[in-house]
Amino acid sequence: MVSTPLTPLTGLLLFGTAFIAGGLNSVAGGGSFITFPTLMFTGINPVVANATNNTAIWVAALASAGAYRKDLGVPRKQLILLCGVSLMGGVIGSIALLFTSPDVFKKLIPYLLLVATLVFTFGEPVKKWLQRQDQNPSTAPPLLNVILAQLAIAIYGGFFGAGLGILMLATLSFLGIKSIHSMNAFKTFLGSCINGIAIIPFIFAGVIAWQQATVMAIGGSLGAYLCVHYVRKLKPQVIRNFVILVAVSMTIYFFVQN
(Lines give C-alpha, C1' and ligand atoms only; values in the text may rest on other atoms or scores of the structure.)
Protein backbone atom coordinates (compact mmCIF):
# COMPACT_ATOMS: atom_id res chain seq x y z
CA MET A 1 0.00 0.00 0.00
CA VAL A 2 1.06 3.59 -0.68
CA SER A 3 1.81 5.51 2.50
CA THR A 4 2.88 8.95 1.32
CA PRO A 5 1.86 11.56 3.90
CA LEU A 6 -0.23 14.52 2.79
CA THR A 7 0.72 17.71 4.60
CA PRO A 8 -1.45 20.87 4.58
CA LEU A 9 1.10 22.57 2.30
CA THR A 10 1.27 19.75 -0.25
CA GLY A 11 -2.51 19.37 -0.06
CA LEU A 12 -2.98 23.05 -0.90
CA LEU A 13 -0.45 22.80 -3.73
CA LEU A 14 -2.11 19.72 -5.24
CA PHE A 15 -5.59 21.21 -4.87
CA GLY A 16 -4.49 24.45 -6.56
CA THR A 17 -2.74 22.79 -9.48
CA ALA A 18 -5.65 20.37 -9.99
CA PHE A 19 -8.06 23.32 -9.91
CA ILE A 20 -6.10 25.03 -12.69
CA ALA A 21 -5.76 21.77 -14.63
CA GLY A 22 -9.52 21.17 -14.41
CA GLY A 23 -10.18 24.55 -16.01
CA LEU A 24 -7.60 23.89 -18.73
CA ASN A 25 -8.92 20.40 -19.47
CA SER A 26 -12.48 21.68 -19.86
CA VAL A 27 -11.37 24.07 -22.61
CA ALA A 28 -8.02 23.16 -24.16
CA GLY A 29 -6.67 20.04 -22.42
CA GLY A 30 -3.12 19.53 -21.19
CA GLY A 31 -3.84 19.60 -17.46
CA SER A 32 -1.64 16.56 -16.83
CA PHE A 33 1.41 18.63 -17.77
CA ILE A 34 0.78 20.46 -14.47
CA THR A 35 -0.64 17.82 -12.14
CA PHE A 36 1.71 14.89 -12.88
CA PRO A 37 4.96 16.83 -12.28
CA THR A 38 3.45 18.42 -9.16
CA LEU A 39 2.82 14.98 -7.67
CA MET A 40 6.45 14.05 -8.32
CA PHE A 41 7.67 17.33 -6.84
CA THR A 42 5.85 16.43 -3.59
CA GLY A 43 7.99 13.30 -3.26
CA ILE A 44 5.77 10.62 -4.81
CA ASN A 45 7.52 8.04 -6.99
CA PRO A 46 6.77 8.21 -10.75
CA VAL A 47 4.58 5.11 -11.03
CA VAL A 48 2.42 6.11 -8.05
CA ALA A 49 2.26 9.70 -9.34
CA ASN A 50 1.03 8.50 -12.73
CA ALA A 51 -1.60 6.19 -11.23
CA THR A 52 -2.76 8.87 -8.79
CA ASN A 53 -2.95 11.51 -11.51
CA ASN A 54 -4.90 9.14 -13.76
CA THR A 55 -7.43 8.52 -10.98
CA ALA A 56 -7.91 12.19 -10.13
CA ILE A 57 -8.21 13.30 -13.75
CA TRP A 58 -10.70 10.51 -14.50
CA VAL A 59 -13.03 11.60 -11.70
CA ALA A 60 -12.87 15.22 -12.87
CA ALA A 61 -13.49 14.18 -16.50
CA LEU A 62 -16.69 12.26 -15.75
CA ALA A 63 -18.64 15.52 -15.67
CA SER A 64 -17.39 16.36 -19.17
CA ALA A 65 -18.41 12.93 -20.44
CA GLY A 66 -21.90 13.47 -19.07
CA ALA A 67 -22.16 16.92 -20.65
CA TYR A 68 -21.28 15.49 -24.07
CA ARG A 69 -23.74 12.58 -23.98
CA LYS A 70 -26.27 14.32 -26.29
CA ASP A 71 -23.62 14.67 -29.00
CA LEU A 72 -22.70 10.98 -28.96
CA GLY A 73 -24.47 10.23 -32.24
CA VAL A 74 -22.39 7.35 -33.59
CA PRO A 75 -23.38 3.90 -34.88
CA ARG A 76 -23.88 1.37 -32.11
CA LYS A 77 -21.50 -1.14 -33.73
CA GLN A 78 -18.62 1.36 -33.77
CA LEU A 79 -19.42 2.49 -30.22
CA ILE A 80 -19.38 -1.06 -28.81
CA LEU A 81 -16.26 -2.16 -30.72
CA LEU A 82 -14.17 0.90 -29.85
CA CYS A 83 -15.40 0.90 -26.26
CA GLY A 84 -14.31 -2.74 -25.88
CA VAL A 85 -10.95 -2.05 -27.51
CA SER A 86 -10.43 1.00 -25.29
CA LEU A 87 -11.15 -1.01 -22.15
CA MET A 88 -8.78 -3.76 -23.29
CA GLY A 89 -6.00 -1.32 -24.15
CA GLY A 90 -6.43 0.61 -20.91
CA VAL A 91 -5.95 -2.59 -18.89
CA ILE A 92 -2.91 -3.65 -20.93
CA GLY A 93 -1.30 -0.23 -20.56
CA SER A 94 -1.91 0.00 -16.83
CA ILE A 95 -0.56 -3.51 -16.22
CA ALA A 96 2.50 -2.66 -18.33
CA LEU A 97 3.04 0.36 -16.07
CA LEU A 98 2.83 -1.84 -12.96
CA PHE A 99 5.52 -4.13 -14.37
CA THR A 100 7.77 -1.13 -15.07
CA SER A 101 10.10 -0.25 -12.20
CA PRO A 102 9.95 3.35 -10.90
CA ASP A 103 13.56 3.90 -12.01
CA VAL A 104 12.87 2.76 -15.57
CA PHE A 105 9.64 4.75 -15.74
CA LYS A 106 11.45 7.83 -14.46
CA LYS A 107 13.94 7.49 -17.33
CA LEU A 108 11.03 7.22 -19.78
CA ILE A 109 9.22 10.32 -18.47
CA PRO A 110 11.16 12.93 -20.53
CA TYR A 111 10.47 11.01 -23.74
CA LEU A 112 6.80 10.44 -22.85
CA LEU A 113 6.43 14.14 -22.07
CA LEU A 114 8.19 15.03 -25.32
CA VAL A 115 5.75 12.91 -27.33
CA ALA A 116 2.77 14.38 -25.47
CA THR A 117 4.12 17.92 -25.93
CA LEU A 118 4.54 17.43 -29.68
CA VAL A 119 1.04 15.96 -29.94
CA PHE A 120 -0.47 18.85 -28.01
CA THR A 121 1.55 21.53 -29.84
CA PHE A 122 0.56 20.30 -33.28
CA GLY A 123 -2.94 19.24 -32.24
CA GLU A 124 -4.58 22.45 -33.46
CA PRO A 125 -3.62 21.86 -37.11
CA VAL A 126 -5.05 18.35 -36.71
CA LYS A 127 -8.33 19.77 -35.41
CA LYS A 128 -8.54 22.21 -38.34
CA TRP A 129 -7.89 19.36 -40.73
CA LEU A 130 -10.68 17.35 -39.09
CA GLN A 131 -13.11 20.23 -39.50
CA ARG A 132 -12.25 20.49 -43.20
CA GLN A 133 -13.36 16.89 -43.72
CA ASP A 134 -16.92 18.15 -44.19
CA GLN A 135 -15.79 19.84 -47.42
CA ASN A 136 -13.23 17.20 -48.38
CA PRO A 137 -14.71 13.75 -47.67
CA SER A 138 -12.33 10.88 -48.16
CA THR A 139 -12.67 7.15 -48.34
CA ALA A 140 -12.63 5.72 -44.83
CA PRO A 141 -10.12 2.94 -44.14
CA PRO A 142 -11.33 -0.48 -42.97
CA LEU A 143 -12.81 -0.47 -39.47
CA LEU A 144 -10.17 -3.02 -38.44
CA ASN A 145 -7.42 -0.43 -39.04
CA VAL A 146 -9.24 2.08 -36.85
CA ILE A 147 -9.69 -0.55 -34.13
CA LEU A 148 -5.97 -1.42 -34.17
CA ALA A 149 -5.04 2.27 -34.00
CA GLN A 150 -7.43 2.80 -31.08
CA LEU A 151 -5.97 -0.24 -29.31
CA ALA A 152 -2.47 1.23 -29.56
CA ILE A 153 -3.72 4.61 -28.33
CA ALA A 154 -5.60 2.97 -25.43
CA ILE A 155 -2.47 1.07 -24.36
CA TYR A 156 -0.57 4.37 -24.37
CA GLY A 157 -3.42 5.95 -22.37
CA GLY A 158 -3.31 3.25 -19.72
CA PHE A 159 0.46 3.54 -19.48
CA PHE A 160 0.80 7.34 -19.44
CA GLY A 161 -2.02 9.22 -21.15
CA ALA A 162 -0.96 12.84 -21.75
CA GLY A 163 -2.04 13.92 -25.23
CA LEU A 164 -4.50 11.03 -25.40
CA GLY A 165 -7.43 13.15 -26.61
CA ILE A 166 -5.65 14.57 -29.65
CA LEU A 167 -4.48 11.11 -30.71
CA MET A 168 -8.04 9.79 -30.51
CA LEU A 169 -9.43 12.69 -32.54
CA ALA A 170 -7.04 11.80 -35.35
CA THR A 171 -8.21 8.18 -35.28
CA LEU A 172 -11.93 8.98 -35.00
CA SER A 173 -11.77 11.27 -38.04
CA PHE A 174 -11.43 8.15 -40.21
CA LEU A 175 -14.79 6.77 -39.08
CA GLY A 176 -16.65 9.25 -41.28
CA ILE A 177 -18.04 11.24 -38.33
CA LYS A 178 -18.73 14.71 -39.77
CA SER A 179 -19.48 16.70 -36.61
CA ILE A 180 -16.50 17.84 -34.56
CA HIS A 181 -18.85 17.86 -31.53
CA SER A 182 -19.65 14.19 -32.07
CA MET A 183 -15.95 13.39 -32.33
CA ASN A 184 -15.27 15.31 -29.11
CA ALA A 185 -18.09 13.41 -27.40
CA PHE A 186 -16.79 10.06 -28.68
CA LYS A 187 -13.23 11.00 -27.66
CA THR A 188 -14.35 12.01 -24.15
CA PHE A 189 -16.37 8.82 -23.71
CA LEU A 190 -13.55 6.53 -24.89
CA GLY A 191 -11.03 8.46 -22.78
CA SER A 192 -13.21 7.88 -19.73
CA CYS A 193 -13.27 4.16 -20.54
CA ILE A 194 -9.49 4.00 -20.86
CA ASN A 195 -8.69 5.96 -17.70
CA GLY A 196 -11.50 4.38 -15.71
CA ILE A 197 -10.56 0.76 -16.44
CA ALA A 198 -6.88 1.53 -15.80
CA ILE A 199 -7.74 2.39 -12.20
CA ILE A 200 -8.76 -1.21 -11.42
CA PRO A 201 -5.25 -2.74 -11.74
CA PHE A 202 -3.87 0.29 -9.90
CA ILE A 203 -6.26 -0.37 -6.99
CA PHE A 204 -5.30 -4.05 -6.72
CA ALA A 205 -1.61 -3.15 -6.90
CA GLY A 206 -2.06 -0.50 -4.20
CA VAL A 207 -0.23 2.20 -6.17
CA ILE A 208 -2.77 5.02 -5.79
CA ALA A 209 -2.08 7.71 -3.18
CA TRP A 210 -5.73 8.08 -2.20
CA GLN A 211 -5.42 11.21 -0.09
CA GLN A 212 -3.68 13.05 -2.91
CA ALA A 213 -6.08 11.62 -5.51
CA THR A 214 -9.10 12.76 -3.48
CA VAL A 215 -7.78 16.29 -3.00
CA MET A 216 -6.92 16.56 -6.70
CA ALA A 217 -10.24 15.09 -7.86
CA ILE A 218 -12.12 17.71 -5.83
CA GLY A 219 -9.86 20.50 -7.06
CA GLY A 220 -10.06 19.35 -10.68
CA SER A 221 -13.85 18.99 -10.60
CA LEU A 222 -14.28 22.44 -9.07
CA GLY A 223 -11.84 23.92 -11.55
CA ALA A 224 -13.71 22.39 -14.49
CA TYR A 225 -17.04 23.64 -13.14
CA LEU A 226 -16.08 27.10 -11.88
CA CYS A 227 -13.28 28.15 -14.23
CA VAL A 228 -14.69 27.17 -17.59
CA HIS A 229 -16.91 30.28 -17.81
CA TYR A 230 -13.96 32.61 -17.25
CA VAL A 231 -11.37 30.62 -19.16
CA ARG A 232 -13.57 30.61 -22.26
CA LYS A 233 -13.43 34.41 -22.29
CA LEU A 234 -9.72 34.19 -23.03
CA LYS A 235 -8.48 33.65 -26.57
CA PRO A 236 -8.02 29.90 -27.13
CA GLN A 237 -4.52 30.47 -28.48
CA VAL A 238 -3.53 32.24 -25.25
CA ILE A 239 -4.57 29.17 -23.24
CA ARG A 240 -2.82 26.82 -25.65
CA ASN A 241 0.36 28.89 -25.53
CA PHE A 242 0.32 28.72 -21.73
CA VAL A 243 -0.09 24.93 -21.76
CA ILE A 244 2.64 24.54 -24.39
CA LEU A 245 4.98 26.73 -22.32
CA VAL A 246 4.37 24.55 -19.25
CA ALA A 247 4.71 21.34 -21.29
CA VAL A 248 8.01 22.41 -22.88
CA SER A 249 9.35 23.59 -19.50
CA MET A 250 8.45 20.30 -17.80
CA THR A 251 9.94 18.27 -20.66
CA ILE A 252 13.22 20.19 -20.52
CA TYR A 253 13.29 19.94 -16.71
CA PHE A 254 12.91 16.14 -16.73
CA PHE A 255 15.50 15.74 -19.49
CA VAL A 256 17.95 17.78 -17.41
CA GLN A 257 17.12 15.82 -14.23
CA ASN A 258 17.59 12.52 -16.04
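Total residues in segment 97-117 satisfying the condition of being within 15 Å of residue 152 (Cβ to Cβ) and open to solvent by 40 Å² or more (accessible area, probe 1.4 Å): the figure is 1. Against the test of being at pLDDT 75 or above and β-branched (Val, Ile, Thr), the options 4, 52 yield a single qualifying residue, 52. A single member of 237, 212, 257 is at pLDDT below 80 and more than 14 Å from the chain's Cα centre (by Cα), and it is 237.
The number of residues in segment 215-234 that are outside any helix (DSSP H, G or I) and either of a type in the set (A, V, I, L, M, F, W, C) or modelled with pLDDT of 90 or more (or both) comes to 1.
For segment 240-252: of the residues being at pLDDT 85 or above and loosely packed, with under 15 Cβ neighbours inside 10 Å, which is farthest from the chain's Cα centre (by Cα)? Ranking the candidates gives 252 first. When restricted to residues that are charged (D, E, K, R) and either surrounded by 15 or more Cβ atoms within 10 Å (Cβ to Cβ) or modelled with pLDDT of 95 or more (or both), segment 68-96 contains 1. Of the residues making up segment 17-51, those that are open to solvent by less than 10 Å² (accessible area, probe 1.4 Å) and not in a helix (DSSP H, G or I) are 31, 44. The requirement of being at pLDDT below 80, open to solvent by 30 Å² or more (accessible area, probe 1.4 Å) and within 21 Å of residue 97 (Cα to Cα) is satisfied by residue 167.
Is it fair to say residue 134 is among the acidic types (Asp, Glu), modelled with pLDDT under 85 and open to solvent by 40 Å² or more (accessible area, probe 1.4 Å)? Judged against the criteria, residue 134 is a match.
The values are calculated or read from the model by the stated rules, or taken from the named source; none is laboratory data. Owing to the predicted nature of the structure, the values given are computational and were not obtained by experimental measurement. All Cβ positions, even for glycine, are placed from backbone atoms using ideal geometry, and neighbour counts span all protein chains on display. Surface areas here come from the heavy atoms of the whole protein model, side chains and all, with no ligands, DNA or RNA. Shrake-Rupley method; radii C 1.70, N 1.55, O 1.52, S 1.80 Å.
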